[in-house]
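Worksheet: the structure to be examined is printed underneath.
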Amino acid sequence: MGDSEKSITSLKSTAKEWARKVGIDSVEKLNDMIRSGAGVELVLVCEAMQSNCIYEIARRITDERRRVILISGPSSAGKTTLSHRLSIQLRAMGLRPHVITADNYFVDRKDNPRDEDGNYDFECLGAMDLRKLNEDMVRLLEGSQIELPVFNFREGVREYHGEYLQIGNEDVVIMEGIHSLNPEMTYMLGDSDKYKIYISPLNQLYVDSEAGEPVKVSTIDSRLIRRIVRDNRTRGNGVEKTLSMWASVRRGEEKYIFPYESEADVMFNSGLLYEYTALRSAAAPLLSNVGIDSEYYEDAQRLLRFVNLFEDIDTEYIPANSILREFIGGGCFRI
């Protein structure tokens, strides 16, 4: 078994263990639990299991004295919320975390590589100023002060606004981005300084099929539904726009994220067994609005049939710091 297969096996093992603890391995059992009135308990148990994992990651970082925490994972995995929750947990353990956004180290747009079609390739590693990022990280670890960059996406240039950072022995840096597990992104840093986290949602839910054999719920579809709901809420994007970009997003994941998942020190499962019941109320109306004349009609109908398999759950009881809040809104973090 290769390193990548071992990584996925680790995530699957976690998902199976969570399903066993909750007693849910199928959509039917999930719906039965909600109908029985145990939905609130289900939410709290699922969230507690994730909190336990975040605590364990923070404990390892503290015990091993890692100073640069790198987080990567595919689209809609919950990277941003994880970085916030991990920061809070590290603070509770006496450390001072600082989140640095990797995107602020983009090269100026005029220097950005282009793809085979002549368009800017914002997802390739060449879109980042790796030398500057690494020089800044090395200086930080040496105790020097650096001025943090801010990328102006409107103008396509990196700017400096007088925000400085200097870290000491109790400080740690958290950086999340699609290339974070690629060794080339932090090539000047020693492995002993880095703690690498791969995050992806994975549930062990099955649904009965017409053929009689249970079918596993697709992790890819779960991320797509998360993204549809989030992009509509935060960017005003309709379903069709999100679906039109999905193939490109998936190609980027296959090229820049999945090959490096085995580099991770730990795998974090951001899937929540109850999440489809919470996403349904937001996703179903959006998917229903895709007209029959749209080229994305069949895709929307397939996803609509899927979300309609689930009972609705009252989202009031979902904690404000839940990873799911990154998508449905109402969270306590500024995302």
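As a check on your grasp of the helix formula, calculate [θ] at 222 nm for the chain: sum -39500 (n - 2.57) over DSSP H runs of n ≥ 4, divide by the residue count, round to the nearest 500. Provide the component values of the computation, followed by the final result.
Numbers: 10 runs with 145 residues, N = 335.
After summing the helix terms and dividing by the residues of the chain, the value is -14000 deg cm²/dmol.
Pop a pseudo-label 7 angstrom from the Cα along the beta-carbon direction at both ARG96 and GLU295 and give the gap in nm to one decimal.
Distance between label points: 5.3 nm.
Any idea of the accessible area per residue across the chain, 1.4 Å probe, to the nearest Å²?
Values: 15760 Å² over 335 residues.
Value for the chain: 47 Å² per residue.
Is the range 211-335 best put as rounded, prolate or oblate by its Cα gyration tensor, with a ≥ b ≥ c the root eigenvalues, rounded for a/c under 1.5, and otherwise prolate when a/b is larger than b/c, oblate when not? All intermediate terms of the calculation are to be shown ahead of the outcome.
Numbers: a/c = 1.31, a/b = 1.10, b/c = 1.19.
Rounded, since a/c falls under 1.5.
Classify the range 214-257 from the C-alpha gyration tensor, please: rounded if a/c falls under 1.5, else prolate or oblate depending on whether a/b exceeds b/c.
Oblate, because a/c is 1.5 or more while a/b does not exceed b/c.
Out of residues 5 or more away from HIS98 or on other chains, whose amide H comes under 5 Å of its own, with H placed 1.01 Å from N in the peptide plane?
VAL172, VAL173, ILE174
Going by the alpha-carbon gyration tensor, a ≥ b ≥ c the square roots of its eigenvalues, is the range 6-112 rounded (a/c under 1.5) or, if a/c is not under 1.5, prolate (a/b greater than b/c) versus oblate?
Details: a/c = 2.33, a/b = 1.70, b/c = 1.37.
Prolate shape, in that a/c is at least 1.5 and a/b is the bigger ratio.
With every protein chain kept in the model, how would you rank MET267, MET175 by accessible area, 1.4 Å probe, largest at the top?
MET267, MET175
Modelling each spin label as a point 7 Å along the Cα-to-Cβ direction, I'd like the GLU159/SER13 distance in nm, to one decimal.
Between GLU159 and SER13, the simple spin-label model gives 4.8 nm.
Determine, for each peptide in 247-259, 194-206, 107-119, the mean count of other beta carbons within 10 angstrom over its residues, then list the peptides with the highest first.
On the way: 247-259: 15.2, 194-206: 22.9, 107-119: 11.2.
The most tightly packed comes first, giving 194-206, 247-259, 107-119.
How large is ³J(HN,Hα), in whole Hz, for each residue of the range 240-256 in order, when computed from phi with the Karplus curve 6.51 cos²θ - 1.76 cosθ + 1.60 and θ = phi - 60°, using x for Gly and Pro?
Values per residue, Gly and Pro as x: 4, 5, 4, 5, 5, 8, 5, 4, 5, 4, 5, 4, x, 5, 5, 8, 10 Hz.
For an R0 of 35 angstrom, estimate the FRET efficiency from the Cβ-Cβ distance between ARG109 and ARG65 and round to the nearest 0.05. List each step's numbers first, then the result.
Values: r = 38 Å, r/R0 = 1.10.
That pair, ARG109 with ARG65, gives E of 0.35.
Tilt of helix 130-141 relative to the longest C-alpha principal axis of the chain, in degrees (0 to 90, nearest 10)?
Result, in degrees: 80.
Round to the nearest 10 and give me the degree value, 0 to 90, for the angle of helix 275-288's Cα axis relative to the longest principal axis of the chain.
80 degrees
With r defined as the distance between the Cβ atoms of GLU41 and ARG334 and R0 fixed at 30 Å, what FRET efficiency is calculated, to the nearest 0.05?
Details: r = 30 Å, r/R0 = 0.99.
The calculated FRET efficiency here is 0.50.
Taking Kirkwood radius over Cα pairs in Å as the quantity of interest, determine which of (i) 21.8; (ii) 20.3; (iii) 21.2 was computed from the displayed structure.
Structure-derived value, by its label: (iii).
What's the extension gain from ASP32 to GLU142 if we count 0.36 nm per residue and subtract their Cα-Cα distance? Walk me through the numbers before you get to the answer.
Values: separation 110, 0.36 × 110 = 39.60 nm, distance 5.62 nm.
Stretched out fully, the ASP32 to GLU142 stretch lengthens by 34.0 nm.
Say the dipole of the range 243-292 comes from +1 at the beta carbon of Lys and Arg and -1 at that of Asp and Glu; which of SER270, PHE258, TRP246 then lies farthest toward its positive end?
TRP246
In degrees from 0 to 90, rounded to the nearest 10, what is the angle of the helix 79-92 Cα long axis to the longest principal axis of the chain?
So the inclination is approximately 70 degrees.
Say each of ASN52 and GLU116 gets a label point 7 Å from the Cα, pointing the same way as Cα to Cβ; how far apart are those two points in nm?
In this crude spin-label approximation the distance works out to 4.7 nm.
The values are calculated or read from the model by the stated rules, or taken from the named source; none is laboratory data. Quantities reported herein were computed from a predicted structural model and do not represent experimental measurements. With ideal geometry, Cβ positions are generated from the backbone for all residues, glycine too; neighbour counts draw on all protein chains shown. Only protein heavy atoms, including side chains, enter the accessible area calculation; ligands, DNA and RNA are left aside. Shrake-Rupley method; radii C 1.70, N 1.55, O 1.52, S 1.80 Å.
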